[in-house]
Amino acid sequence: MLNNSINAALADIGTALKRYSLVGMLGWQDVRQRYRRSAVGPFWLTISMGVMIGTIGLVFGQIFNSPMKDFLPFLAAGMILWSFIATCLTEGCTSLIAAESIIKQLPIPLFVHILRTLWRNTLILGHNIVIFPLVLLAVQKPLSVEALLSIPGFALLALNLAWASLILSIFCARYRDLPQIIASFLQVAFYLTPIMWLPTLISGRSGTYLLDFNPIYHLIQIVRAPLLGQDVSAVSWWVAGSMALLGWSIAIIIYGSYKRRIAYWI
């Protein structure tokens, strides 16, 4: 029975991956629909993000007495990546619920809607990442060759967000209060993760808990550190890779077990 469920889940995921053109079209359509008739379009998010980074950078840079040349690029990369992660997870919670009409009318693999959410937010990330080189230019800091390592780091980050979004979308379809709980959890996680504060400010046992035992920190670090010209610790690669393997194993089992019930839940 379990093998049949796993095979059904893998078949659905495999079919969804083959429908990448559909995923791309739906993602583009979502972005265009959201900013239709807007002169600036999704760059409004970029402008808003840039203003936020500049404001927080000036204030917290003074509070923490951190050099702007180091703190502002760190903050910019962290805020951009956090926005991507948090939005993927919060929208992932409702990705199946939002696609209710499509799910009930068309025989499209359910995983298409998870990929649609990830692709949509990747497009928005592509707009926001423009801020980072501008910040580097402002503080006169060059972009090093190590930045290329952010590409496999981002791929690993996306793999983790995919399984997390899949699991959340299933349980949120069943339990409608769960999205609010996830949103509250992410607010707390934002302050516990070194995004507005440098990891060097925390030491001792508290630093171990907030850094080594914080999976979100490792997911951000495998992308942010290369962008800043820093080496990614082996621990961060190991944690992110282990999360992907374990997370996908659990997600496939859950998806296979509840896939047939989702249409009734929504």
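The values are calculated or read from the model by the stated rules, or taken from the named source; none is laboratory data. Treat the numbers as computed from the prediction; the structure is a model and nothing was measured. Cβ atoms come from the backbone with ideal geometry, glycine included; neighbour counts cover every protein chain shown.
Taken as a whole, the condition of being modelled with pLDDT of 95 or more and under 20 Å from ALA189 (Cα atoms) does not apply to LEU118. For the range 133-148, the criterion of being of a type outside the set (Gly, Ala, Ser) and buried (at least 23 other Cβ atoms within 10 Å of the Cβ) is met by none of the residues.
Can you name every residue in the range 84-111 that is farther than 12 Å from ILE262 by Cβ, part of a helix (DSSP H, G or I) and hydrophobic (A, V, I, L, M, F, W, C)? Full working, then the answer.
At the first step, the residues of the range 84-111 found to be farther than 12 Å from ILE262 by Cβ are 84-94, 98, 101-102, 105-108.
Keeping just the survivors that are part of a helix (DSSP H, G or I) gives 84-93, 98, 101-102, 105.
Matches in the range 84-111: PHE84, ILE85, ALA86, CYS88, LEU89, CYS93, ALA98, ILE102.
In summary, helices (runs of 4 or more DSSP H) completely within the range 172-266 and bearing 1 or more residues that are surrounded by fewer than 13 Cβ atoms within 10 Å (Cβ to Cβ) and aromatic (Phe, Trp, Tyr) occur at 178-192, 234-258, 262-265. Count of the range 228-259 residues, restricted to those that are out of contact with any Gly (no Cβ under 9 Å at 6 or more places or on another chain), over 13 Å from ALA162 (Cα atoms), of a type outside the set (Gly, Ala, Ser) and in contact (Cβ under 8 Å) with a residue 60 or more places away in the chain, is 7. Annotation note: of GLN230, GLN180, the sole residue that is closer than 30 Å to VAL112 by Cα and of a type in the set (S, T, N, Q) is GLN180. For the condition buried (at least 22 other Cβ atoms within 10 Å of the Cβ), touching a residue at least 12 places away in the same chain (Cβ under 8 Å), in a helix (DSSP H, G or I) and in contact with a Leu (Cβ under 8 Å, 6 or more places away or on another chain), GLY153 does not qualify.
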